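Q: Following this message is one structure expressed as structure tokens.
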2 protein chains.
Amino acid sequence: MILLDSVYDHDFLLQNLQQELQKNPDSLPFDEILYCNIGNPQSLGQQPVTYFREVLSLCDHPGLLDKSETHALYSSDAIERAWQILEKIAGRATGAYSHSQGIKGLRDEIAAGIAARDGFHASGDNIFLTDGASPAVHMMMQLLIGSEKDGILCPIPQYPLYSASIALHGGSLVPYFLDEETGWGLEVDELKKQLEEARSKGITVRALVVINPGNPTGQVLAEENQKKIVEFCKNEGLVLLADEVYQENIYVEDKQFHSFKKVARSLGYTDDDLPLVSFHSVSKGYYGECGKRGGYMEITGFSPEVREQIYKLASVNLCSNVSGQILASLVMNPPKAGDESFESFMVERDGILSSLARRAKALEEAFNSLEGITCNKAEGAMYLFPRLHLPQKAIGAAHAAGTAPDAYYAKRLLEATGIVIVPGSGFGQVPGTWHFRCTILPQEDKIPAIISSFKEFHEKFMDEFRD
Amino acid sequence: MILLDSVYDHDFLLQNLQQELQKNPDSLPFDEILYCNIGNPQSLGQQPVTYFREVLSLCDHPGLLDKSETHALYSSDAIERAWQILEKIAGRATGAYSHSQGIKGLRDEIAAGIAARDGFHASGDNIFLTDGASPAVHMMMQLLIGSEKDGILCPIPQYPLYSASIALHGGSLVPYFLDEETGWGLEVDELKKQLEEARSKGITVRALVVINPGNPTGQVLAEENQKKIVEFCKNEGLVLLADEVYQENIYVEDKQFHSFKKVARSLGYTDDDLPLVSFHSVSKGYYGECGKRGGYMEITGFSPEVREQIYKLASVNLCSNVSGQILASLVMNPPKAGDESFESFMVERDGILSSLARRAKALEEAFNSLEGITCNKAEGAMYLFPRLHLPQKAIGAAHAAGTAPDAYYAKRLLEATGIVIVPGSGFGQVPGTWHFRCTILPQEDKIPAIISSFKEFHEKFMDEFRD
């Protein structure tokens, strides 16, 4: 099995450093590891949204709902919401297996949230609740891939879940390159070129994966661009797999999130025109509830026979966890104006999102201020993906050490500063170019120190290897 | 994909009846559907264990732990345990992705629980926390199966997760038959015969699945029998996949649960002798927390290289849900004598287990009292698997209707009484024999009505078709 090996090698060094830092802290030139590698906000101190956790806590222990003391500890709208949710669950049994697609009432609530977001109808029957987005992606790959002759168009660079899942299911990844020059633009000409090349090799391309906002690239697609992508899928008979887990993470005024379903419907396309899957998750957004493993996929445009196959796949694992299901319904239907928690909820939500926007900007500016680094704006998601223009000597040193130049750079950075980034080779990149992914998630008060420590390392590195 | 098709056809009828019961209740000869089909205790009114839910509720909303009012709503040992658990989680972040194997401190606690149960060492490094037992089974099948030439020895009858998972991963199920005559005995001679037959067909048999206590068969293996199974796996170089999710569900005085690891260690076998996986889940036992999707597998006797592959597979889905992880640690380390909750916990626990034992006995006696039904004792688990000795005319009617005789019987039962059972064909059975699986989970006060309704149906059915 070929799974993210470069990422795991990096993990191994990291574990050694973590142990060394505990046993022998003076031996290292830094006093903490600064995790800029994984999109895991709460591991870096982001606090969960109070309202969401109140509701989960009450649903876990419904006996509380009958007690007057509960009002001293929980907001009244959280109590009311917990009641509403329990009413949607047969026997109020949050400890029972649900329907394999998830609890119907929660799916309907999510569908209502999607309809409110998009302005187009959505149905709870089309929602499959899953333990985060990853199992949903695996389910679709299982369905789409029968042999290595089945291809999936994937962006390069890409979140390696897709390459791993395609490899696990024995299919062929058909790469298309995002254009760094145009802010990681997704060009339909490139899609066509790669599709034709794959077809000429006898590969049947089944689907196109689009990650919007992008991971690891942080771009937000323009609506016009999305329309062309939809037309492309329709004309070529491809399933559009839309990874939309960062839909709430937009940091620039001039961009907005548009779901691919909304774009398709606004073009007049119905269920008959285009099979489309939208993946979403409770792990990202302003909530960042990675540990809860909640998520869903909305599937439209599939035949009843294919839907039945998807349902059977979902039912092999019985159901997703009910707390994650509840949380998915909450993020798609958060407190509204007039609710007791609304104001405090908005303060928490906007506080997180505006801080993420400031962090994204500060890191982008810092990277762009350095010799040998260029960095596109993080319009959305949780990442920057700067390009390293390394001196030939550094590339030579990396080759001598038996590693890719970006992996060499990341290793040296980690050893010198404790800052953890992921080398671009973990995501794929245009051959001969080097990048790294850096999250914008460290707490805001740590950003200046990270920037200064990074700058110091980088300048020394460039001095060491300047041609 | 061939996945449980007979079970799904049955589902379809069931959904129609559910709808009919809501729309047009007078059209049916019963006024509720009686679910004896799925091992889903809380869907049938079993209450969750209070202490477990208190701890989960607190861990979901850790802000409560600092408030004095919390003591009015939660037991003091639940509060203390929540603190202890949060201390095991970096940054107390229950909303962060954990280590892909699960939170180390919780794995250590589970290992301590295993060691206390077995009297042999266990290590948290060998524990992989999973979203219920099913994903753990899939992970092992993914690892063990490379092609259709890789075989897995599975009991017949068997819980169809195994056949589905083997089919999904493209391997070959090598059946071995449990001996109904000896109470669903697992005979090593039968294992040998089937192993040799598979080998003669060019199949490389990789592993043996044993479900103990049995599903759907409810037997508890004797320790002597387990020893022989361990010896067999060691001699034949097979991985022993031990489904031990019903380890707390034992209903007879003369049987005890022994883990296969304990049996192997008591024979003197170490990690060097035998690769062994034990699957466990929070969905069964007296807790029955199916909706929480918690579980673990303990793996021993694998090389570092194989362990690394398992770790990579686990990390493809990032981690299992943290609430499920916490719950898995709680079921392996429940309240102890002296804890505030201990007495009420024991009342809840023993109340559930003794009631399940009474229900198992009542149903078994009822089945055995009927013409044309024989039924082994449910020594453990949550099921009876009675054999139907059907008149030839009934078999003919089934064939005329295009269904298997046990599926025909189950359908007629459902239409006449609202009682839902699963036909034996969903689990596999000796060709020409017919069975059904019936859970012991309906609430105790409903059992007499179920029995009487079942009897009435069965007698009429036999009268209708008596040869």
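Q: Quick one: with label points 7 Å out along Cα→Cβ, list the inter-copy distances for residue A:72 in nm, shortest first?
A: 0.3
Q: In peptide A:129-138, what is the residue-averaged number of other protein chain Cβ atoms found within 10 Å of each Cβ?
A: 3
Q: Now a separate question. Ratio of Rg to Rh for the protein assembly as shown, alpha carbon only, Kirkwood?
A: Using Cα coordinates only, the ratio equals 0.97.
Q: Under 12 Å from a point 7 Å along the Cα-to-Cβ line of residue A:449: which residues of segment A:29-52 have their amide N that close?
A: A:30-35
Q: Show me, for segment A:103-115, the HN-Hα J-couplings you get by feeding each phi into the Karplus relation (A = 6.51, B = -1.76, C = 1.60, θ = phi - 60°), rounded to Hz, glycine and proline as x.
A: Couplings: 5, 4, x, 6, 4, 5, 5, 5, 4, 4, x, 5, 4 Hz.
Q: Could you compute the FRET efficiency for residue B:19 and residue A:92, with r as their C-beta to C-beta distance and R0 at 22 Å, rounded to 0.05?
A: So the FRET efficiency works out to roughly 0.50.
Q: Could you work out the relative contact order of segment A:90-331? I mean the mean sequence separation of Cα pairs under 8 Å and 6+ apart, divided by the number of residues, in percent.
A: Contact order relative to length: 26 percent.
Q: Just to check I understand the Karplus step: with θ = phi - 60° and J = 6.51 cos²θ - 1.76 cosθ + 1.60, what whole-Hz values come out for segment B:379-384, glycine and proline as x?
A: Going residue by residue, I get 6, x, 6, 9, 9, 10 Hz, with x marking Gly and Pro.
Q: Here's another thing I want to ask about it. With an 8 Å Cα cut-off and a minimum separation of 6 or more residues, compute the relative contact order for chain A in percent.
A: Averaging sequence separation for qualifying contacts and normalising by length gives 21 percent for chain A.
Q: Ratio to report: Rg/Rh of segment B:90-331, with Cα atoms as the point set and Rh obtained by the Kirkwood method; give two decimals.
A: 0.95
Q: Still on this structure, I have one more. Among A:411/B:104; A:446/B:292; A:261/B:88; B:228/B:393; A:361/B:88, which pairs are too far apart, with a Cα-Cα distance over 32 Å?
A: Beyond 32 Å: A:446/B:292; A:261/B:88; B:228/B:393; A:361/B:88.
Q: Same structure again: Which percent, nearest 5, of DSSP beta bridges in chain A are antiparallel?
A: Taking every DSSP beta bridge with both residues in chain A, the antiparallel ones total about 50 percent.
Q: Using 7 Å Cα-to-Cβ label points, what is the residue A:71/residue B:84 separation (nm, one decimal)?
A: 3.6 nm
Q: Related question: What does the copy distance list look like for residue A:104, label position 7 Å along Cα→Cβ, in nm and ordered from shortest?
A: Going from nearest to farthest copy, the values are 4.7 nm.
Q: Using the Karplus curve 6.51 cos²θ - 1.76 cosθ + 1.60 with θ = phi - 60°, work out ³J(HN,Hα) for each residue of segment B:259-276 in order, rounded to whole Hz, and write x for Gly and Pro.
A: 5, 5, 5, 4, 4, 5, 5, 5, 7, x, 7, 10, 3, 6, 9, 7, x, 9
Q: In addition: If we sort A:35-44, A:270-279, A:209-218 on the protection proxy, mean other Cβ atoms within 10 Å, highest first, what's the order?
A: Averaged packing, sorted descending, gives the order A:209-218, A:35-44, A:270-279.
Q: What does the copy distance list look like for residue A:170, label position 7 Å along Cα→Cβ, in nm and ordered from shortest?
A: 0.2
Q: If I model a spin label as a point 7 Å beyond the Cα along the Cα-Cβ vector, how far apart are those points for residue A:12 and residue B:467 in nm?
A: The answer from the label model is 6.7 nm.
Q: Using r as the Cβ-Cβ distance of residue A:189 and residue B:201, and R0 as 56 Å, what FRET efficiency do you calculate, to the nearest 0.05?
A: Approximately 0.60, to the nearest 0.05.
Q: Taking every residue in A:316-329, how many Cβ atoms of other protein chains lie within 10 Å of its Cβ, on average?
A: Average per residue, whole number: 6.
Q: Taking R0 as 56 Å, what FRET efficiency do you get between residue A:224 and residue A:27 from their Cβ-Cβ distance, rounded to the nearest 0.05?
A: 0.55
Q: Give me the orientation-averaged projected area of the Cα convex hull of segment A:279-344, in nm², one decimal.
A: Its average projected convex-hull area is 6.0 nm².
Q: Testing the spin-label approximation: label points 7 Å from Cα along Cα→Cβ at residue A:365 and residue A:117. State their distance in nm.
A: 3.1 nm
None of the figures in this text is laboratory data; all of them are computed from the coordinates on show. Predicted, not measured: the structure shown is a model, and the values here were computed from it. Neighbour counts are summed over all protein chains in view; Cβ atoms, including those assigned to glycine, are modelled from backbone coordinates with ideal geometry.
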